[in-house]
1. Nearest 0.05, what FRET efficiency do Ile95 and Arg37 give at R0 = 22 Å with Cβ-Cβ as r?
2. When only Cα pairs under 8 Å and 6 or more residues apart are kept, what is the percent relative contact order across the chain?
3. Using the Cα centre as the reference, give the magnitude of the dipole from point charges on the C-beta atoms of segment 41-89 (Lys, Arg: +1; Asp, Glu: -1; all else neutral), rounded to the nearest 20 debye.
4. Give or take rounding to whole Å, what are the principal axis extents of the alpha carbon atoms in the chain, in descending order?
5. With the dipole of the chain worked out from charges on the C-beta (+1 for Lys and Arg, -1 for Asp and Glu) around the Cα centre, which of Thr114, Met1, His98 lies farthest toward the positive end?
6. With unit charges on the beta carbons (Lys and Arg positive, Asp and Glu negative) and the dipole taken about the Cα centre of the chain, which residue among Pro143, Leu126, Ser61 sits farthest to the positive side?
7. Ignoring ligands, DNA and RNA, what percent of the 1.4 Å accessible area of segment 1-52 is carbon and sulfur?
8. Evaluate the distance, in nm, between pseudo-label points positioned 7 Å from the Cα of Arg72 and of Val183 along their respective Cα→Cβ axes.
Amino acid sequence: MALDQKETLYGQDEPAVSVFNVSSGALRLYRILPDGRRQVTGFAFPGDFLGLSLLDRFTVSADALGPVTACRFERLAFMDLLRGQPCLMMHLHEILGHELSRAKDMMMLLGRRTADERIATFLMGLQERYVRIGRSSVTLELPMGRLDIADHLGLTIETVSRTFSRLDRDHCILIVPGGVRLVDHDRLARMSAH
């Protein structure tokens, strides 16, 4: 299936009858909280599977940040496929392990980190994901906007913008059209260290 920018792949609380594998593009995953605020829970990139939870309904919405292509599998047929493909099941187990590790890191990030450390951790994590899918790991494309990053890291958009500007001034990153170039990788790694 193909989506244009801002189209929804699936919505929060919709029946979870499908599993998706992202082929190209990027998606924003988010929840709308009871008070109307939005919490961006993550971003999906090529190779990511969405909808693997065993819950009956999707717990987040997934919107395209630009053009996206994804393969859609009927959930029960996908589970049957897994039963017959132990290698695929092991690969998904590895993917879910990475997701669980990222979720634990995010809990610590939101609770105990400064804005600089949150941004550095976000950029270093994005770099790791890009390396895994064969993208450039020096210049990072940022398909998400500053508000998406703010809602993901528990910051305000103003804080995200100021932090990016400060990291650029301090020669840690170079802001380029559509993304950032990691200039002082060692310093960013130190800021993002647990």
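1. Working: r = 29 Å, r/R0 = 1.31.
For R0 = 22 Å, the calculated efficiency reads 0.15.
2. The value is 21 percent.
3. About 80 debye.
4. 52, 39, 32
5. The residue sitting farthest along the positive end of the dipole is Thr114.
6. Of the listed residues, the answer is Leu126.
7. On segment 1-52, the fraction of accessible area on carbon and sulfur atoms equals 49 percent.
8. 4.5
The values are calculated or read from the model by the stated rules, or taken from the named source; none is laboratory data. A quick note: this is a predicted structure, and the numbers were derived from the prediction, not measured. Positions of Cβ are generated from backbone atoms using ideal geometry, with glycine treated the same way; all protein chains shown enter the neighbour counts. Heavy atoms of the whole protein, side chains included, go into the accessibility calculation; ligands, DNA and RNA do not. Shrake-Rupley method; radii C 1.70, N 1.55, O 1.52, S 1.80 Å.
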